[in-house]
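Since the structure comes first, as structure tokens, the remarks are kept for the end.
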Amino acid sequence: MAEPYESVTVETKDHVAQVTLIGPGKGNAMGPAFWSELPDVFAALDADPDVRAIVLTGSGKNFSYGLDLPAMGGSLSGVLTEGASAKPRAEFHRMVLRMQQAISAVADCRTPTVAAVQGWCIGGGVDLISAADIRYASADAKFSVREVKLAMVADVGSLARLPLILTDGHLRELALTGKDIDAARAEKIGLVNDVYDDAEACLAAAHATAAEIAGNPPLTVHGIKDVLDQQRIERVSASLRYVAAWNSAFLPSKDLMEGISATMGKRKPEFTGE
């Protein structure tokens with residue numbers, strides 16, 4: 001694929017495409033380019049008959065730090081205003097739906113996707129890997145559904161798809177605490193299939209599985225994905241619609257501004273419930 005993207009690179013060899021997150025935010029953080037480009041990237045891969053499996057990974061030491069707050073701050077400014085009126089809330093609602101569609105493009109792609117996670121996988125990073133079919137991790141991987149620490153309800157996929165991956169108690173523990181877990185814990189609770197010694201071994205395992213998938217009859221693979229996906233589409237779609245509406249109504253708060261300020265200032269937040 002020759003298309004130049006700002007947020008990812010795409011390389012295809014032997015029927016397997018590798019999509020690599022490259023930022024441009026620190027730690028492959030997800031800024032405006034990521035949310036606008038990802039649907040196009042996966043639509044192109046879905047339409048390419050030469051691509052039979054996809055490996056999704058991050059460049060450098062980390063998979064992704066999640067939402068790029070500095071880059072996305074302007075998009076949030078209207079709804080952050082105390083007493084925000086209907087117009088900025090409606091615009092925020094549309095933005096959430098667009099961001100949801102970016103992650104859903106991965107989940108709905110007919111071509112199976114294998115995620116290879118190294119280093120940090122935070123917030124939006126977990127949203128993204130929850131949309132993959134198979135997840136592997138390196139021993140240094142760390143995961144966090146951290147939105148609660150920002151006084152936000154995760155709204156682009158984690159709370160919709162993780163109930164189909166994790167047991168209820170494990171999901172609630174992650175989402176309600178915002179705690180970090182290591183790769184061993186992630187494997188134990190079923191967030192990842194397997195853990196490998198390092199990032200190189202993890203990526204190699206992802207490619208080996210992708211190659212195995214690519215060696216199977218493509219129409220049958222599409223059929224298996226279609227049947228499995230059909231069981232979750234209605235449930236996930238309903239959850240995404242609900243959380244988009246919920247956040248549009250209730251996201252603006254003093255706690256949200258405090259959470260963002262504390263994160264940017266690298267200090268402990270002081271939440272008041274306002």
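The values are calculated or read from the model by the stated rules, or taken from the named source; none is laboratory data. Note that the coordinates shown come from a computational prediction; the quantities given were computed from them, not determined experimentally. A quick note on method: Cβ atoms are made from the backbone with ideal geometry, for glycine too, and the neighbour counts reach across all protein chains shown. Just the protein is used for accessible areas: all its heavy atoms, side chains included, with ligands, DNA and RNA removed. Shrake-Rupley method; radii C 1.70, N 1.55, O 1.52, S 1.80 Å.
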Next on the checklist: Every residue in region 101-111 that is open to solvent by 10 Å² or more (accessible area, probe 1.4 Å) and part of a loop (DSSP other than H, G, I, E, B), please.
Outcome noted: 110
Checklist entry - How many residues, within region 208-246, are open to solvent by less than 80 Å² (accessible area, probe 1.4 Å), closer than 22 Å to residue 165 by Cβ and not small (Gly, Ala, Ser)? => result 11
Checklist outcome for this item: Across region 251-273, the tally of residues that are loosely packed, with under 11 Cβ neighbours inside 10 Å and either farther than 21 Å from residue 122 by Cβ or in contact (Cβ under 8 Å) with a residue 40 or more places away in the chain (or both) stands at 3
Item to check | Residue pairs meeting the criteria (Cβ under 8 Å; at least 6 apart or on separate chains; first within 18 Å of residue 162 (Cβ to Cβ), in region 189-206; second of a type in the set (D, E, K, R)) | outcome: 191/135; 192/135; 193/135; 193/187
Item to check | Pair list, Cβ < 7 Å and 6+ apart or interchain, from region 217-237 residues that are closer than 18 Å to residue 16 by Cβ to residues that are part of a helix (DSSP H, G or I) | outcome: 221/213
Checklist entry - Of the residues that sit in region 133-149 and are surrounded by 24 or more Cβ atoms within 10 Å (Cβ to Cβ) and of a type in the set (A, V, I, L, M), which one is farthest from residue 39 (Cα to Cα)? => result 141
Checklist outcome for this item: Picking from 206, 186, 154, 131, the residue that is under 29 Å from residue 274 (Cα atoms) and within 18 Å of the chain's Cα centre (by Cα) would be 154
Checklist entry - Does any residue of region 2-15 turn out to be small (Gly, Ala, Ser), part of a loop (DSSP other than H, G, I, E, B) and more than 17 Å from the chain's Cα centre (by Cα)? => result yes
